[in-house]
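A.B. asks: Sharing a structure with you now.
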Amino acid sequence: MPDSLKRVPAAALLLAALVLSGCVSPGTPAPPDERSAADPWEPLNRGIYSFNRTVDNATLKPVARGYRAVVPGLARRGVSNFFDNLITPRTAVNNFLQGKPGDGLTDVARFLMNSTVGLGGLLDIGMEFGLEEHDEDFGQTLAVWGVGDGPYVMLPFLGPRTLRDAIVLPVDWLGDPLYHYDNTSAKDKLVVLDIIDMRYRLLSAERFLEDSETPYITLRESYLQNRNYNVHDGNPPMDDDFYDDLLDESE
């Protein structure tokens with residue numbers, strides 16, 4: 001494995017995000033005067049989208065399918081729980097930074113309970129006790145502090161992001177405990193397993209894009225809408241641009 005990959009924490013890699021861009025043909029970019037305001041770099045993004053698709057079809061996708069076929073469901077669930085639990089402290093820190101101490105304390109309690117009674121996070125005991133799982137990162141924290149999204153970007157290997165979130169990815173990587181784990185051999189194996197797990201989790205979502213007549217647009221708008229949903233903790237302001245873009249593309 002390349003040295004650069006050894007230094008990248010598993011949970012922050014989010015390599016699985018690229019795979020949604022690897023399901024279908026990127027299509028033709030819209031003319032400049034018809035492009036979405038959120039995607040001014042559409043031609044470049046579509047090229048990277050196509051590159052990610054090629055890489056995924058040759059590597060991660062078949063591996064993830066094999067993983068699903070060979071590894072029992074209970075074991076797969078345990079692996080997913082383990083990596084979710086591993087980044088819970090980072091989520092807690094971001095909740096505190098966003099002015100949500102209650103959610104932050106819940107995250108701390110979840111982490112302590114799952115890491116002990118839950119056998120190192122393999123079991124989600126916290127959920128059984130009503131401790132809600134959260135999903136927070138530093139990009140969301142900056143959004144709460146008033147930093148705008150910036151243009152939509154498609155990163156090689158890492159998939160869709162907003163410019164704000166792409167810039168602060170290293171901060172999220174630093175918040176992953178694997179980044180600070182000194183046992184290189186063990187870390188390499190955990191990084192690979194985390195990537196496979198993330199890719200496996202997205203297998204069921206591929207049909208959503210495969211059934212779309214405009215997969216690049218569908219991926220972009222779905223990502224941006226989901227990101228907005230997460231930033232506003234499930235209560236985003238009303239925005240008709242998503243539906244307008246889809247209607248315009250269909251027409």
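A.B. asks: Could you work out how much longer the chain between Asn57 and Leu163 gets when fully extended? Use 0.36 nm per residue separation minus the Cα distance between them, nm to one decimal.
C.D. replies: On the way: separation 106, 0.36 × 106 = 38.16 nm, distance 2.60 nm.
My answer for the length gained is 35.6 nm.
A.B. asks: Step through the residues of region 192-208 one at a time and calculate ³J(HN,Hα) from phi using the Karplus curve (6.51 cos²θ - 1.76 cosθ + 1.60, θ = phi - 60°), rounding each to whole Hz and writing x for Gly and Pro.
C.D. replies: These are the phi-based 3J(HN,Hα) values: 4, 5, 5, 4, 4, 4, 5, 5, 4, 4, 8, 4, 5, 8, 5, 4, 4 Hz.
A.B. asks: Would you kindly give the portion of the calculated P(r) for region 100-153 that falls above 19 Å, as a percent of all Cα pairs?
C.D. replies: Everything past 19 Å amounts to 42 percent.
A.B. asks: Relative to the present Cα-Cα distance, how much length would full extension add between Asn228 and His180 at 0.36 nm per residue of separation?
C.D. replies: 14.2 nm
A.B. asks: Please give, to one decimal in nm, the separation of the simple spin-label points placed at Val171 and Asp211, each 7 Å out from Cα toward the Cβ.
C.D. replies: Simple spin-label model gives 3.8 nm for this pair.
A.B. asks: Hey, with R₀ at 30 Å, roughly what FRET efficiency would Ala69 and Glu128 work out to, going by the Cβ-Cβ distance, to 0.05? Let's see the in-between values first.
C.D. replies: Details: r = 29 Å, r/R0 = 0.98.
In this case the efficiency is close to 0.55.
A.B. asks: Measuring from the lowest to the highest alpha carbon on each principal axis, how far does region 156-233 reach, largest first, in angstroms?
C.D. replies: The principal-axis extents, from largest down, are 46, 26, 25 Å.
A.B. asks: Using amide H atoms built in the peptide plane, which far-off residues or other-chain residues are under 5 Å from Leu155 H to H?
C.D. replies: Arg161
A.B. asks: For region 139-198, state what percent of all Cα-Cα pairs lands in each successive 10 Å bin, counting from 0 Å until the bin that includes the largest distance.
C.D. replies: Here the calculated profile for region 139-198 is 20, 40, 30, 10, 0.
A.B. asks: List, in order, the whole-Hz ³J(HN,Hα) value for each residue of region 101-116 obtained from phi through the Karplus relation with A = 6.51, B = -1.76, C = 1.60 and θ = phi - 60°; use x for Gly and Pro.
C.D. replies: x, x, 5, x, 5, 4, 4, 4, 5, 4, 4, 5, 5, 5, 6, 10
Every read-out reported here was derived from the displayed coordinates using simple, explicitly stated rules and does not represent laboratory data. Owing to the predicted nature of the structure, the values given are computational and were not obtained by experimental measurement. Virtual Cβ from ideal backbone geometry, glycine too; neighbours counted across all protein chains shown.
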